[in-house]
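Right, one structure below, let's go through it.
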Amino acid sequence: MAVKYTVQGLLIYITIAAYLLALATELAGRRKTGRVLFAAGSLVAVVSFVYRWYDVRHVPLQNLFEVFLFLGLVCYPISWFCRRILRIGGEGADMFIGAVVLFPAGFVFNAEPMQLPPALQSWLFAPHVAVYMLAYIFMAKATFQAAVQLAAREPIGAEAWLPPEQATYDLIAIGFPLLTLGLILGSWWGKLAWGHYWGWDPKELWSLASWLVYLGYFHWRYMFGKRRPALNSLWAIAGMIAIIITLLWVNLSRLFPGLHSYAT
Amino acid sequence: MSQFKRVVLWAALIAVVLLALLSVYGAFLGAEQARAFFNSLPLAVYWFALIALLLAGFIIFRRLLQTPSLLLMHLGSILVLLGALWGSNGGHALAKRLFGLDKIPEGQMGILEQTQENRVRPADSNSTRELPFFVRLKDFRMEYYEPGFLLIRSRTGQNWRLPAVAGQTLSLGEGLGTVTIQRVFQNFRIDIRGAERITYDAPGGSLPALEVSVERPGEPPGSRYVFEPTMGHGNPNDRLIMSYSRMVRDYISELEIVKNGTVVAAKNIEVNHPLHYGGYHFYQHSYGEDKLGDYTVLMVVSDSGLNLVYGGYAMLAAGIFWHFWGRRALRRSCVPARRPLASEDARPAKSPADILD
Ligand code: HEM
């Protein structure tokens, strides 16, 4: 763990501080102020991402540092979309998720700019990663709703939010197509770069496992509807566990040698 | 819902969960062993069972045929599985037996510059097989990101990086002195005439090097030549270990396909840009140099089943987006929005199963 004494580091720390302040304000019951702080933090996250883009001169989605920067950036727009369009709350959780994903970018991951190796010079690379990251945030929100359902809590707040079980389903229904697209774009890119659309690489297999957990969730929910809401929620949580392993463990542990190890 | 339908749905659910568990198991095996595992006989049984289950689903559940989104995604899954089976080693063996289609599933070929070659070494054998056409290598070259870097490491493990541009200078602090890049060579040559050393960049060839000077207070200035990629070479008494690092931007093979003495296709292939001809894709795989000259190594992969897989992908993605995004968007634009209350279920029972039971 190390503090980054750079402009990039400063931008990340300002964003984290804004997100945490937004969360504290929200918890203190000042929702509007909380939202404004969240939006302001998100703007700094945009500046931080653009700054990185300018610095490395390619779409900054090459390594874990850049990917987590992007995750911290999309939390607010997704939160806004869920609140306004899907009628799904949990903004406090979104603020928290934003701060959590930016923490490793600010203190753990190496931010040394890197040139793109030949395999990453493909137009498919940026959409493949970006689509996955969007899906992951939707799934993280779904996991929060699943936890709320398991805790048998009513959604907090004056607004009329969807009940947690339904919110979990709706969020997964938004995230799953993105997950599918990420898988397919990755497969297509793998074919062009390495000659095979499926390389049986550990990262590929974990991403397939995550996708299959959500596929299982849909079939399960088709079979049982809302009669076993706790089990529906457990499926959603299992999916998120698989995603976290796909995103982190494969890169960080040296357990699974494979093609995707350049992403460390 | 009838008992039979229920059994089929349970079977589908178990098949999905089983594949998830097998994927996790495969992740622990590493890519090579996982590939062998998923291509083994017991797994072949699994793949066929999954296809059979999907087909059974169409017969048993009318909705899978009648709802376009569900039809697209389930049919797409079948196509992906069929395409993968058709493109596997077993699929190639079957195609040979049934249709006399004798393709090499995967292999490698090495080609010297300015020569042509049709022999491929298949991935699973030591003998060679021949393509019905020749692949000619006009030129192989590598491109690098400019500038490269001078990497410096002190004996105490400190690291520095300096852009490899003449005139760049860096102070390493007390005791270690100041490093300056004096010259950058593409193809370093040195002539020694008596006590005189003459260094110069010779045309053609490639021996990238840097001339680096190190100035330390109280010592006469000295310069040295730093090459790539021999990190750690040099005098053990040196206080600084240096190497010249350049990152490859691309590997390029200029290829031509020659059939019956005429060029029928040509492409400069790079990573991410293979050549497609005669039922095969040709990928930049590796390269080398021997006494006869530079050569490239291509990976040759049969394209059998690929269209089925890609068609399946398109249907799967279209079906899933339509089912989860498209219908919701349409519902939104057709039905006036109603704010559901947290205490009530937002929608009527979501699935037909809720109603059926
Ligand atoms: C293994 C055999 C399978 C059978 C028998 C089967 C059967 C079914 C059935 C009956 C439904 C409910 C349709 C409805 O809403 O009326 C369904 C839904 C669905 N199936 Fe499958 N399925 C199978 C495998 C797959 C596979 C491999 C996929 C991969 C894409 C898939 C994706 C889906 C999706 C996304 C839904 C929608 C769930 C929802 O609306 O919540 N299924 N399936």
message = Distance between the C-alpha centers of segment A:55-94 and segment A:179-217? Whole Å please.
response = 22 Å
note = Expected integer from the mean partner chain Cβ neighbour count at 10 Å over B:278-289 is 1
ask   = Quick one: Karplus J couplings for segment B:249-259, per residue in order, coefficients 6.51, -1.76, 1.60, θ = phi - 60°, nearest Hz, x for Gly and Pro?
value = 8, 6, 10, 10, 10, 8, 10, 9, 9, 10, 10
ask   = Considering every residue in B:301-311, what mean count of other chain Cβ atoms within 10 Å of its Cβ is obtained?
value = 2
remark   = Classified through the alpha carbon gyration tensor (a ≥ b ≥ c as square roots of its eigenvalues; rounded if a/c is under 1.5, else prolate when a/b is larger than b/c, else oblate), segment B:149-246 comes out prolate
ask   = Which trypsin sites (Lys or Arg not before Pro) does segment A:202-233 hold that lie in a coil by DSSP with at most 14 other beta carbons within 10 Å?
value = A:Arg227
Karplus 3J(HN,Hα) series, Hz, for segment A:111-116 with 6.51 cos²θ - 1.76 cosθ + 1.60 (x for Gly, Pro) = 9, 4, x, 10, 7, 6
inquiry  = Shape verdict for segment A:1-116, please, from the Cα gyration tensor: rounded (a/c under 1.5), prolate (a/b greater than b/c) or oblate.
reply    = prolate
inquiry  = In Å², and per residue, what accessible area does chain B have when probed at 1.4 Å with the other protein chains present?
reply    = 55 Å²
ask   = Under 5 Å between amide H atoms, partner at least 5 residues away or on a different chain: which partners does B:Tyr280 have, H built in plane at 1.01 Å?
value = B:Asp303
Karplus (6.51, -1.76, 1.60) ³J(HN,Hα), θ = phi - 60°, over segment B:155-163, in Hz, Gly and Pro reported as x = 5, 8, x, 6, 10, 9, 9, 10, x
request  = Mind ranking B:4-17, A:125-138 by how tightly packed they are, going by the mean number of other C-beta atoms within 10 angstrom, highest first?
outcome  = A:125-138, B:4-17
inquiry  = Please report the carbon-and-sulfur percent of the accessible area for the protein assembly as shown; probe 1.4 Å, protein heavy atoms only, DNA, RNA and ligands left out.
reply    = 63 percent
ask   = Too long at a 31 Å Cα-Cα cut-off: which of B:Lys259/B:Lys291; A:Lys203/B:Lys138; A:Lys203/B:Lys5; A:Lys141/B:Lys5; B:Lys96/B:Lys291?
value = A:Lys203/B:Lys138; A:Lys203/B:Lys5; A:Lys141/B:Lys5; B:Lys96/B:Lys291
task = Could you tell me which of rounded, prolate or oblate describes segment B:255-311, using a ≥ b ≥ c as the square roots of the eigenvalues of the alpha-carbon gyration tensor, with rounded for a/c under 1.5 and, failing that, prolate when a/b is larger than b/c and oblate otherwise?
result = oblate
key: Residue-averaged 222 nm ellipticity for the protein assembly as shown, from DSSP H runs of 4+ at -39500 (n - 2.57), nearest 500   = -16000 deg cm²/dmol
query = Say we join alpha carbon atoms closer than 10 Å with springs in a Gaussian network model of chain B; which of B:Gly278, B:Gly261, B:Gly319 then has the biggest fluctuation?
reply = B:Gly261
ask   = Accessible area per residue, 1.4 Å probe, Å², for chain A: what's the number?
value = 38 Å²
message = Need one value for B:28-40: mean number of C-beta atoms belonging to other chains within 10 Å of its residues' C-beta atoms.
response = 4
query = Can you pull the percent of Cα pairs in the protein assembly as shown with separation above 46 Å?
reply = 30 percent
message = Helix B:41-60 against the longest principal axis of chain B: what's the angle in degrees, Cα atoms only, rounded to the nearest 10?
response = 40 degrees
ask   = If contacts are Cα pairs under 8 angstrom and at least 6 residues apart, what is the relative contact order of chain A in percent?
value = 17 percent
Positive-end residue of B:Phe28, B:Val8, B:Leu306, charge dipole of chain B with Cβ unit charges = B:Val8
request  = Could you check which residue among B:Ile111, B:Ile192, B:Ile60 shows the biggest mean-square fluctuation in a GNM of chain B with a 10 Å Cα cutoff?
outcome  = B:Ile192
ask   = What is the local net charge at A:Met139, summed over the other residues whose Cβ is closer than 14 Å to its Cβ (Lys, Arg +1; Asp, Glu -1)?
value = -1
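The values are calculated or read from the model by the stated rules, or taken from the named source; none is laboratory data. All of these numbers come straight from a predicted model, not from anything done at the bench. Please note: Cβ atoms are built from the backbone with ideal geometry, for glycine as well, and neighbour counts cover all protein chains shown. The accessibility values were calculated without ligands, DNA or RNA, using every heavy atom of the protein model including side chains. Shrake-Rupley method; radii C 1.70, N 1.55, O 1.52, S 1.80 Å.
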